[in-house]
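Take a look at the structure set out below.
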Amino acid sequence: MKAQNQVHLHALLLAGVSIVSILAGCTPFSGGPGTGMRRSYDAPAGRLHYWEVGAGPPVVLIHGGQMDHRIWDGQVKRLRQSHRVIAYDVRGFGTSQQPSRVYCNYQELRGLLDHLGIPKATLVGLSLGGSIAIDFAIAYPERVDKLVLVAPGMSGFDWSADFRRMNLIIEAMQAEDVESAVRLWLADPMMAPAMENPRTAPTLERYVRDNMPAWLMNPYLERELQPKAAARLGEIRSPTLVIVGDRDDADILRISEKLEREVKGATRLFVKGAGHIVNMEKPDEFDRHLAEFLAR
């Protein structure tokens with residue numbers, strides 16, 4: 001997903017590119033999924049949009065980079081029967097505004113929970129969303145009930161040289177060649193398994209196209225957790241489930257192994273045949289694992 005802060009720093013030439021012209025080449029964002037009422041929260045760096053539905057213990061769904069809250073449509077429909085479900089668009093994705101000033105993703109999540117009057121919640125994060133959930137659990141352990149990390153990223157992780165392939169996508173966006181950037185991203189090892197599935201491929205491509213301008217967000221405006229999470233996993237106190245596809249990127253598999261090893265009591269589950277977008281690729285198996293963990 002978004003190159004989890006490390007690769008994001010390679011977008012150094014974006015200042016000369018017109019975001020307006022990039023947007024002109026992208027599919028217009030298609031709006032909410034009908035899984036709840038769209039609301040907004042005026043955070044310091046700009047407005048964040050979120051969807052809320054259901055009643056019961058709160059669960060917050062945090063999407064991956066270059067996507068938005070809609071990836072959780074299937075999970076929302078099931079969780080809403082027993083939980084208060086909040087799915088939001090992370091800063092710069094979906095309908096949430098691009099940053100107008102320095103911001104911090106895990107602090108914006110805290111602000112959203114404060115806005116909603118939620119003192120403690122279960123966090124479910126995919127990829128970038130997993131990285132945000134990890135940072136939040138370290139910074140505010142008293143506010144996390146349970147932690148579900150799906151193919152997660154991690155701040156401070158030592159990404160392999162192979163991850164530099166993301167630069168090709170950024171360069172295509174800087175050249176205002178949106179179609180090439182879309183093709184590169186959908187063919188990437190992190191996306192290819194999901195694109196093999198005729199049920200998920202059209203939906204996934206739509207979400208990707210809607211969020212392509214996010215590749216050019218100014219990386220200097222994002223402030224990360226300090227010290228970063230990779231050296232602080234022992235500080236996570238909440239029950240933790242790590243779900244990862246056995247076909248996912250090697251770096252993501254390494255992160256999942258590190259979490260299982262260093263987070264006390266963490267459980268790691270593999271979903272056979274799934275790549276990076278586990279909840280969309282294998283929804284029935286994913287939902288079963290999630291329901292069992294939430295019921296504990």
Residue-count net charge about VAL278 - beta-carbon cut-off 13 Å; Lys, Arg +1, Asp, Glu -1
-2
Row for the range 57-114, column shape: gyration tensor on C-alpha, a ≥ b ≥ c, rounded if a/c < 1.5 i.e. under 1.5, prolate if a/b over b/c, else oblate; value oblate
Going highest first, how would you order 254-267, 272-285 by mean Cβ packing within 10 Å?
272-285, 254-267
What pairs in LYS146/LYS228; LYS120/LYS264; LYS120/LYS258; LYS77/LYS264 have C-alpha atoms more than 23 Å from each other?
LYS120/LYS258; LYS77/LYS264
Three-way shape call for the range 182-246 based on the alpha-carbon gyration tensor, with the a/c threshold at 1.5:
oblate
For the chain, with a Gaussian network of springs between Cα atoms less than 10 Å apart, report the residue from VAL148, VAL178, VAL244 with the top mean-square fluctuation.
VAL178
In degrees from 0 to 90, rounded to the nearest 10, what is the angle of the helix 105-116 Cα long axis to the longest principal axis of the chain?
60
Mind ranking 151-160, 232-241, 113-122 by how tightly packed they are, going by the mean number of other C-beta atoms within 10 angstrom, highest first?
151-160, 232-241, 113-122
Find the relative contact order for the range 7-294 and round it to a whole percent, using C-alpha pairs within less than 8 Å whose residues are 6+ positions apart.
21
Using the alpha-carbon atoms, what tilt in degrees (0 to 90, nearest 10) does helix 250-262 show relative to the longest principal axis of the chain?
30
Please compute the net charge surrounding ALA43, taking Lys and Arg as +1 and Asp and Glu as -1 over other residues with Cβ under 9 Å from its Cβ.
0
Mean Cβ count within 10 Å, highest first, over the residues of peptides 219-227, 83-91
83-91, 219-227
So how tilted is helix 128-139 from the main axis of the chain? Cα-based, degrees 0 to 90, rounded to 10.
50
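Throughout, read-outs are computed from the coordinates displayed, never taken from laboratory work. The shown structure was predicted, so the numbers you read here are calculated from the model rather than taken from an experiment. Cβ atoms come from the backbone with ideal geometry, glycine included; neighbour counts cover every protein chain shown.
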